[in-house]
Amino acid sequence: MQQRRRGADLERAILEAAWFELVERGYAGLTMEAVAERAGTSRPVLGRRWNGKAPLVVAAIRQQMAKNPIIVPDRGDLRTELLEFLDRASERTSVIVATFSLLSSAYFTETTSTPKELRASLIKGGHGQMLPTILERAVTRGEVDREKLAPPLDSLLSDLFGGHILMTFSAPPPTLWQAWVDSVFLPLVRAK
C-alpha cells in the first residue's frame, strides 16, 4: 500500500500533475478532476488549496520556473551574459509556451485578470529577474549607458524572445538571438 502524501510532498505532486495536464491538454482542456486523478488525490484536496484551476495553473507554472531558474553568473562581459541568458531561456521554452497558452485561453475571462497581472503573479518571488541583473552589472562595468536602458530597450530582448515563441511555439535558434544581441540590442545601449 502506498503511503499517503501530505504537506509539501502532496503539493509538489499536485502541481506536477497540473503542469503535465496543462502541457498535454492546454488550459481549456485542463480539469481539476484530471489533475486530482493524475496526482493520486481527490478533487476536494485540490479545492482546499486552490480556489479553481486558474490559481492552480499559475502555481504549477511557478513551480516549473523555480525548478528551472535562469541564472547567469557575472562573466565580465555583457554580450557573453546576454547570449547565455537567451540560451537558458531557450531551455525553458515549454514553460513559456504553457504561459502563452494562458494568454490565448479562457483564463482571462475566468479570472478577469490582465496579462500584466498574470506576469506579476508568475514572477513573484524573483522569477524572471535575471535580465535586469545582467543589465545592471553591465552598467556598473561601464559597458552600457544607464540612460539608454529606458523602456522599451530595457525589455527589448525579452520582448523579441517572447514574441518569437508566441508566433512559433518554439525557441528561437541561436543564430537569431545572436543577431538580436549583436545587431539590434548592443548597438542601441553600449556606452560610447
**Q.** Computed label-point distance, nm, for sites residue 42 and residue 79 using a 7 Å Cα→Cβ extension
**A.** 6.2
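Per the helix-only calculation at 222 nm, which mean residue ellipticity applies to the chain, given -39500 (n - 2.57) for every DSSP H run of n ≥ 4 and division by its residues, nearest 500 deg cm²/dmol? Walk me through the intermediate numbers first.
On the way: 12 runs with 127 residues, N = 192.
Helix-only estimate at 222 nm: -20000 deg cm²/dmol.
Using the Cβ atoms and a cut-off under 15 Å, what net charge is assigned to the surroundings of residue 93, where Lys and Arg are +1 and Asp and Glu are -1?
Details: positive: 67, 88, 92; negative: 87, 91.
Result for the local shell: +1.
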(Q) What is the sum of charges, Lys and Arg at +1 and Asp and Glu at -1, for the other residues whose Cβ falls under 14 Å from the Cβ of residue 30? (A) -2
Q) Nearest 20 debye, what's the magnitude of the dipole of the chain about its Cα centre given +1 on Lys and Arg Cβ and -1 on Asp and Glu Cβ? A) 620
(Q) Taking R0 as 25 Å, what FRET efficiency do you get between residue 87 and residue 140 from their Cβ-Cβ distance, rounded to the nearest 0.05? (A) 0.65
Q | Net charge of neighbours whose Cβ lies under 10 Å from the Cβ of residue 17, counting Lys and Arg as +1 and Asp and Glu as -1 | A | -1
Q) Roughly how many nanometres apart are two label points built 7 Å out from the Cα toward the Cβ at residue 186 and residue 49? A) 4.5
Q: Keeping all protein chains in position, work out how much accessible area residue 167 exposes to a 1.4 Å probe, and write it in Å² to the nearest 10.
A: 150
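Given a 1.4 Å probe and every protein chain left where it sits, what share in percent of the accessible area of the chain is carbon and sulfur?
Numbers: 5680 of 10370 Å².
Heavy-atom surface of the chain belonging to carbon and sulfur, 1.4 Å probe: 55 percent.
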Q: Given the options 93, 114, 175, state which has the largest fluctuation in a GNM of the chain using a 10 Å cut-off (strictly under) for Cα springs.
A: 175
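The values are calculated or read from the model by the stated rules, or taken from the named source; none is laboratory data. No experiment lies behind these values; they were computed from the predicted model shown. Every residue, glycine as well, gets a Cβ built from its backbone with ideal geometry; the counts of neighbours run over all protein chains shown. What goes into the accessible areas is simple: the full protein's heavy atoms, side chains included, and nothing from ligands, DNA or RNA. Shrake-Rupley method; radii C 1.70, N 1.55, O 1.52, S 1.80 Å.
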